[in-house]
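Since the structure comes first, as structure tokens, the remarks are kept for the end.
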Amino acid sequence: MTLANKVTILRIAGIPVFMVVLDIESFWGYVSALLIFVFLSFTDTIDGFLARKRKEVTVLGEFLDPLADKLLVASCLIYFVKIEWIKIYWWMIVIIISREFVITGLRVVAARRKISIPALFSGKVKTTVQMVAIIATLLVLIAKEAALKWNFPGGKVSFLWDIPFYLVLFATFATLVSGVNYIKKYFYLFGEEGL
């Protein structure tokens, strides 16, 4: 197994650890969860760099790398739904996860026809917005716990508590636009000659 793939597997293995720490629901729990999330996200850059530098791009790596990203983002967003005050709703997460299923299916159809689907600009924007939304939400959770823990006047910064909703709403919109762009560009793959 290549070093890049080992790094990717480390990212997947770290997701349950991240979720357990996140579920502690305390100031230090959220701080630790943020650090773990940033570390796991950074390993995405590392495994890609290693695969290219060592010329070890593999089919397994091409499968595991996006899977690890999707699992990390989806698990985090699903968890946020249970925290009522941040107002991240189930329908947002359904749209985000559904897009991933649809585009993964599209890639499978393309692979059967030996066609590679590169990441579109809208897909990169979608990923960036999702990551920013998750990190910002974790920061807001930390701020809220700090206000409770050290009796800060939370009312003065209560506008912060609405940030996760708007960021995830924007991420949902960006995800939807990205999905539509992929489908429009590669819809021809669903023609009869491609099935």
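Every read-out reported here was derived from the displayed coordinates using simple, explicitly stated rules and does not represent laboratory data. Here the structure is a predicted model, which means the values were calculated and not measured. Here the Cβ positions follow ideal geometry from the backbone for every residue, glycine too, while neighbour counts run over all protein chains shown.
Sequence-distant contacts, meaning Cα pairs under 8 Å at least 6 residues apart, place the relative contact order of the chain at 26 percent.
Please state the charge dipole magnitude for the chain, taken about the Cα centre, from unit charges on C-beta atoms (+1 on K and R, -1 on D and E), reported in debye and rounded to the nearest 20.
Numbers: 21 positive and 14 negative charges, 106 e Å.
Dipole about the Cα centre, nearest 20: 500 debye.
Using only Cα atoms, find the angle between the long axis of helix 3-22 and the longest principal axis of the chain, and express it within 0 to 90 degrees, rounded to the nearest 10. The two axes meet at around 30 degrees. Helix 59-81 versus the longest principal axis of the chain: what angle, 0 to 90°, nearest 10, using Cα atoms? Once rounded, one gets 30 degrees.
Where does the chain land at 222 nm, in deg cm²/dmol rounded to the nearest 500, when only DSSP H runs of n ≥ 4 count, each adding -39500 (n - 2.57), divided by all residues? Walk me through the numbers on the way to the answer.
Numbers: 6 runs with 146 residues, N = 195.
Calculated at 222 nm, the ellipticity per residue is -26500 deg cm²/dmol.
Put simply, region 81-150 fits an ellipsoid with semi-axes of 35, 14, 7 Å; these come from the alpha carbon gyration tensor as the roots of five times its eigenvalues, largest first. Please turn the phi angles of region 144-152 into ³J(HN,Hα) values with the Karplus equation 6.51 cos²θ - 1.76 cosθ + 1.60 (θ = phi - 60°), one per residue in order, whole Hz, x for glycine and proline. Residue by residue, region 144-152 yields 5, 5, 5, 4, 6, 5, 10, 6, 6 Hz. Considering only Tyr188, Trp161, Gln130, and ranking their Cα positions along the charge dipole of the chain that arises from unit charges at the beta-carbon of Lys, Arg, Asp and Glu, the one farthest toward the positive end is Tyr188. Sites count as exposed loop sites when they are trypsin sites (Lys or Arg not before Pro), lie in a DSSP loop, and have at most 12 other Cβ atoms within 10 angstrom; the longest stretch of the chain without one is 115-195. Given the pairs Lys82/Lys149; Lys53/Lys114; Lys70/Lys185; Lys6/Lys87; Lys53/Lys124, which are separated by over 27 angstrom at their Cα positions? Long pairs (Cα-Cα over 27 Å): Lys6/Lys87. For the pair Phe101 and Phe173, the difference between a 0.36 nm per residue extended length and the Cα-Cα distance amounts to 24.3 nm.
Each of Ala146, Gly48, Ile97 was scored by the projection of its Cα onto the charge dipole of the chain, and the greatest displacement toward the positive side belongs to Gly48; charges sit on the C-beta of Lys, Arg, Asp and Glu. Tell me, Kirkwood radius of region 66-185 from alpha-carbon pair distances, in Å? Taking every pair of different Cα atoms in region 66-185, averaging 1/r and inverting gives 15.5 Å.
Structure remark: mean-square fluctuation, Gaussian network model of the chain, C-alpha springs under 10 Å; the largest value among Leu138, Leu34, Leu71 belongs to Leu71.
With only alpha-carbon pairs counted, each pair once and no self-pairs, how large is the Kirkwood hydrodynamic radius of region 1-124 in angstroms? Don't jump to the answer; show the numbers that get you there.
On the way: mean 1/r = 0.0625 Å⁻¹.
Kirkwood radius, region 1-124: 16.0 Å.
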